[in-house]
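Remarks on the structure that follows.
The values are calculated or read from the model by the stated rules, or taken from the named source; none is laboratory data. Predicted, not measured: the structure shown is a model, and the values here were computed from it. Here the Cβ positions follow ideal geometry from the backbone for every residue, glycine too, while neighbour counts run over all protein chains shown. Each accessible area value is taken on the protein alone, full model and side chains, heavy atoms only, with ligands, DNA and RNA left out. Shrake-Rupley method; radii C 1.70, N 1.55, O 1.52, S 1.80 Å.
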Amino acid sequence: MPHPLFPDDEFPASVLPACPEDDHTGDGYDWARELPAGWKAVYSWGSEGWELGSPPYQIVAHFDDVLDVVYGLAHYIEGDVTVTAYGSREARDAATDELALSAWLWGENGPREGLPAEGTPAAGIPARFRGPYRPDPAPAAP
């Protein structure tokens, strides 16, 4: 359930119980291994699981509150980390959609065709490029 008063608002990172910090001692994989409890690195995005960011130089992490009150987005770029918080998973994922589009256009490591122009808001990004990658479950054994 989204935040009851501000479901689509961006909040200051200080509302999150723990935040990833800048880390210039290693690479993004080192940073991802040291994420605080509740945070998880997100390496794939969109319907086909295109690479999100450009590991190990650029990595994205999500925080999902067990109480469904706040959701976090952390963006690591060569040791510098930007953290934002949102009142709903949908708002956080929309911000990730926009970040993914930018990363794919800049790094040319995502979908090759059909991407909209840089700066397109999440609602204007085709559905196949939006949202977390959810691989098809393995078929049940006979």
Unmet criterion (only one of (1) more than 17 Å from F11 (Cβ to Cβ); (2) out of contact with any Phe, Trp or Tyr (no Cβ under 9 Å at 6 or more places or on another chain); (3) hydrophobic (A, V, I, L, M, F, W, C)) for L67 = (1)
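Take the residues in the range 106-116 that are open to solvent by 50 Å² or more (accessible area, probe 1.4 Å) and either within 15 Å of the chain's Cα centre (by Cα) or not aromatic (F, W, Y) (or both), then tell me which one is nearest to R130 (Cα to Cα). First the steps, then the outcome.
Of the residues in the range 106-116, the ones open to solvent by 50 Å² or more (accessible area, probe 1.4 Å) are 106, 108, 112-114.
Now restrict to residues that are either within 15 Å of the chain's Cα centre (by Cα) or not aromatic (F, W, Y) (or both): 108, 112-114.
Details: E108: 17, R112: 15, E113: 14, G114: 12 Å.
In this case the residue turns out to be G114.
In the range 41-79, which residue that is of a type in the set (V, I, T) and open to solvent by 20 Å² or more (accessible area, probe 1.4 Å) is nearest to P111 (Cα to Cα)?
For the range 41-79, the residue satisfying everything is V42.
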query = What number of residues within the range 13-32 satisfy the criterion of being closer than 26 Å to L67 by Cβ and of a type in the set (G, A, S)?
reply = 4
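Condition test on P36, is it closer than 24 Å to P12 by Cα and part of a loop (DSSP other than H, G, I, E, B)?
Details: closer than 24 Å to P12 by Cα: yes; part of a loop (DSSP other than H, G, I, E, B): yes.
Taking the combined requirement at face value, the residue satisfies it.
Does G38 fit the bill of being open to solvent by less than 30 Å² (accessible area, probe 1.4 Å) and either modelled with pLDDT under 95 or touching a Phe, Trp or Tyr at 6+ places or on another chain (Cβ under 6 Å) (or both)? Let's see the steps before the verdict.
Values: open to solvent by less than 30 Å² (accessible area, probe 1.4 Å): no; either modelled with pLDDT under 95 or touching a Phe, Trp or Tyr at 6+ places or on another chain (Cβ under 6 Å) (or both): yes.
So G38 fails the test.
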request  = Might you check whether a residue that is open to solvent by 80 Å² or more (accessible area, probe 1.4 Å), under 23 Å from Y133 (Cα atoms) and at pLDDT 95 or above occurs anywhere in the range 10-31?
outcome  = yes
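Looking at the range 43-72, which of the residues that are β-branched (V, I, T) and touching a helix residue (DSSP H, G or I) at 6+ places or on another chain (Cβ under 7 Å) is modelled with the lowest pLDDT? Quick ask: steps written out before the conclusion?
Filtering the range 43-72 down to residues β-branched (V, I, T) leaves 59-60, 66, 69-70.
Right, trim to touching a helix residue (DSSP H, G or I) at 6+ places or on another chain (Cβ under 7 Å) and you get 59-60, 70.
On the way: I59: 96, V60: 97, V70: 91.
If we take residues in the range 43-72 being β-branched (V, I, T) and touching a helix residue (DSSP H, G or I) at 6+ places or on another chain (Cβ under 7 Å), then V70 is modelled with the lowest pLDDT.
Sort through A85, A127, A95, A103 and tell me the only one that's open to solvent by 50 Å² or more (accessible area, probe 1.4 Å) and aliphatic (A, V, I, L, M). If you could, list the steps in order and put the result at the bottom.
Details: A85 fails: open to solvent by 50 Å² or more (accessible area, probe 1.4 Å); A95 fails: open to solvent by 50 Å² or more (accessible area, probe 1.4 Å); A103 fails: open to solvent by 50 Å² or more (accessible area, probe 1.4 Å).
Criteria check complete, one pass: A127.
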